[in-house]
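Structure record follows, encoded as structure tokens.
The values are calculated or read from the model by the stated rules, or taken from the named source; none is laboratory data. Since this is a predicted model, take the numbers as computed values, not measurements. All Cβ positions, even for glycine, are placed from backbone atoms using ideal geometry, and neighbour counts span all protein chains on display. In case anyone asks, the SASA skips ligands and DNA or RNA and just uses the protein heavy atoms, side chains included. Shrake-Rupley method; radii C 1.70, N 1.55, O 1.52, S 1.80 Å.
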Amino acid sequence: ISLVPFAVIAETIDRQSPQGFSKTQFHTQKALTPVTTDRLASRKRGQRFVEFRGEMAYFPGNTVLRHGFLGPDGEPDEYEAVAFQPRHGPVGLLVGNIVPYPSMLGVYPWDDWTSAVQAYRIKINKRQHKRLIALINRTRAEKKLFYLYTDNCVRFVRDAAREIGLKAPEQTFIVPAVYVKMLRIANQRRAPQLQ
């Protein structure tokens with residue numbers, strides 16, 4: 001977690017230092033700029049992207065979808081992060097493991113700060129991005145209940161991937177990082193990844 005506003009901490013590890021032991025260095029880099037769905041929908045120019053992230057802030061993890069625009073350097077610039085998850089964080093997850101529980105489509109602060117265990121980022125065109133934004137808006141309007149075994153974050157990502165024409169494995173009761181890896185493998189010939 002970065003304590004510097006608008007910066008993120010990146011970690012560099014040198015495993016073979018001249019002294020024979022590992023060292024870790026930290027440096028800051030310009031952060032991505034989080035924006036709203038409406039802002040992204042109104043933007044006209046720029047290369048669009050989508051990134052599927054399997055994160056592990058707590059077990060069993062979370063699947064976060066980032067979508068937005070790449071900057072001139074080819075790295076994500078403006079983006080929105082969304083995840084289909086229970087309200088009230090880990091407490092909602094615990095209850096949503098037993099019975100369906102009210103959901104939210106968005107992220108908790110730790111979702112957007114956590115490093116991805118697995119990430120799959122691709123470029124998308126304007127038509128695909130419009131379809132993705134429409135799915136996000138529909139999901140928000142429907143206010144479905146979260147249920148860990150059937151209506152979870154992985155299922156939302158599966159539906160989003162299919163909405164933009166990707167192959168997405170059917171199974172959704174699976175650890176998010178594993179699903180993102182499966183998604184990347186299923187599409188490696190169709191849509192080259194950016195990272």
Boolean, residue 171 is outside any strand (DSSP E or B), under 21 Å from residue 100 (Cβ atoms) and open to solvent by 20 Å² or more (accessible area, probe 1.4 Å): yes
Only one of 58, 108 is exposed (fewer than 14 other Cβ atoms within 10 Å of the Cβ), among the hydroxyl-bearing types (Ser, Thr, Tyr) and at negative phi; which? 58
Would you point out the residue of region 131-155, among those that are assigned to a loop (DSSP other than H, G, I, E, B) and hydroxyl-bearing (Ser, Thr, Tyr), that is farthest from residue 96 (Cα to Cα)? 150
Of (1) part of a helix (DSSP H, G or I); (2) among the polar types (S, T, N, Q); (3) touching a helix residue (DSSP H, G or I) at 6+ places or on another chain (Cβ under 7 Å), residue 128 satisfies all except one. Which? (3)
Which residues, taken from region 111-125, are in a loop (DSSP other than H, G, I, E, B), open to solvent by 40 Å² or more (accessible area, probe 1.4 Å) and modelled with pLDDT under 95? 115
Select from region 41-86 the residues that are assigned to a loop (DSSP other than H, G, I, E, B) and either of a type in the set (D, E, K, R) or touching a residue at least 40 places away in the same chain (Cβ under 8 Å) (or both) and list them in ascending order. 43, 44, 45, 47, 56, 57, 60, 61, 73, 74, 75
Residues 96, 89: which one is farther than 17 Å from residue 124 by Cα, open to solvent by less than 20 Å² (accessible area, probe 1.4 Å) and without any contact (Cβ under 8 Å) to a residue 24 or more places away in the chain? 89
